[in-house]
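Novice: Here you go, one structure.
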């Protein structure tokens, strides 16, 4: 895996100056247009969350790469000898795996408690792309196990994830409008603005990393509407910008829900059902909120993950 670290280091060295220049230009542009999108405390939190996420990833890497290597040695398919086919298929497969990961992170409260940090900022700028889900490296690799089984080497999976993360960061901006025909294929800044919005119409939409085709196939796509400007952050604002509160506030809320219920079946539902679920209906999930506004969801037959329907 020495080559993997070298490749990742090269990616970081090439992308870091690019990020710095773009963020600097975005800061200048936002102030020039009198639409400040940066706030020091928020930006520092973004950087701290990125460092914590990266640290956990490095500490746990030997473990999850070892697991992926075990599955690779027991692969069901041999890797393609054609490098263009191999890397093209890996890109598609890994982008789809990320869509699955992202969908579950939004629809199971246990994983939402990890992912919520990425959505907790009420600012939306390039630095928001670094606002990482701190503990996601502890389970993200599970979604890559099928890739190892079908012949993709773990080192290549890690490299592809690092490369696609560059694109995933660049779509965090208000300063790029709609991109014509690319809107039908790629996750664009317009699509990702929807994803980060707390407007009821936009909740749990546009889950892809690079390709928007998965959202269009499985009923989670929502176009940015000119009549509904995105309101960034969570449906309920954080009580504090303290970094510890930012990371653990949803876990504290889960613990409080556990204490309020003496039934283990209800506690399990609090943990596994979508965020916002409550046994008495006093709180609402995103789908319930959208239904109340007469927003028609995608047909159930197009839903990718049926477990939510079974649990409910």
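Novice: What list do you get for 28, 254 if you sort them by fewest beta carbons within 10 Å?
Specialist: Working: 28 10, 254 18.
By the 10 Å Cβ count, ascending: 28, 254.
Novice: Where does the chain land at 222 nm, in deg cm²/dmol rounded to the nearest 500, when only DSSP H runs of n ≥ 4 count, each adding -39500 (n - 2.57), divided by all residues? Working shown, then result.
Specialist: Numbers: 12 runs with 176 residues, N = 312.
So the calculated ellipticity at 222 nm is -18500 deg cm²/dmol.
Novice: From the gyration tensor of the Cα coordinates in the stretch 25-102, what semi-axes in whole Å does the equivalent ellipsoid have, largest first, with each one equal to sqrt(5λ)?
Specialist: Sorted largest first and rounded, they come to 39, 20, 10 Å.
Novice: Another question, if that's okay. Compute the distance in nm between two label points, each set 7 Å from the Cα along the Cα-to-Cβ direction, one at residue 150 and one at residue 80.
Specialist: My value for the distance between the label points is 1.1 nm.
Novice: Find the Rg to Rh ratio for the stretch 2-173, where Rh is the Kirkwood radius over alpha-carbon pairs and Rg uses the same atoms.
Specialist: 1.00
Novice: Something else now. At residue 244 and residue 183, where each label point lies 7 Å from the Cα along Cα→Cβ, what is the point-to-point distance in nanometres?
Specialist: 4.6
Novice: Could you work out which residue, out of 93, 155, 62, moves most in a Gaussian network model of the chain, that is, has the largest mean-square fluctuation with Cα springs under 10 Å?
Specialist: So, out of 93, 155, 62, the one fluctuating most is 62.
Novice: Among 139, 270, rank each residue by its count of other Cβ atoms within 10 Å, from fewest to most, as a rough exposure measure. Can you show the working numbers first?
Specialist: On the way: 139 16, 270 21.
Going from least to most buried by this count: 139, 270.
Novice: Now for a separate question. With N set to the number of residues, divide the alpha-carbon radius of gyration of the chain by 2.2 N^0.38 Å and report two decimals.
Specialist: Its radius of gyration relative to the 2.2 N^0.38 Å reference: 1.01.
Novice: Given a Förster radius of 45 Å and the C-beta distance between residue 223 and residue 73 as r, what FRET efficiency does 1/(1 + (r/R0)^6) yield to the nearest 0.05? If you can, show how the numbers build up before the last one.
Specialist: Working: r = 44 Å, r/R0 = 0.98.
E(calc), rounded to 0.05, equals 0.55.
Values in this text are rule-based calculations from the coordinates and carry no lab data. Remember, predicted model here, so these are calculated numbers, not experimental data. Because the Cβ atoms are built from the backbone with ideal geometry, glycine has one as well, and the counts that use them run over all protein chains shown.
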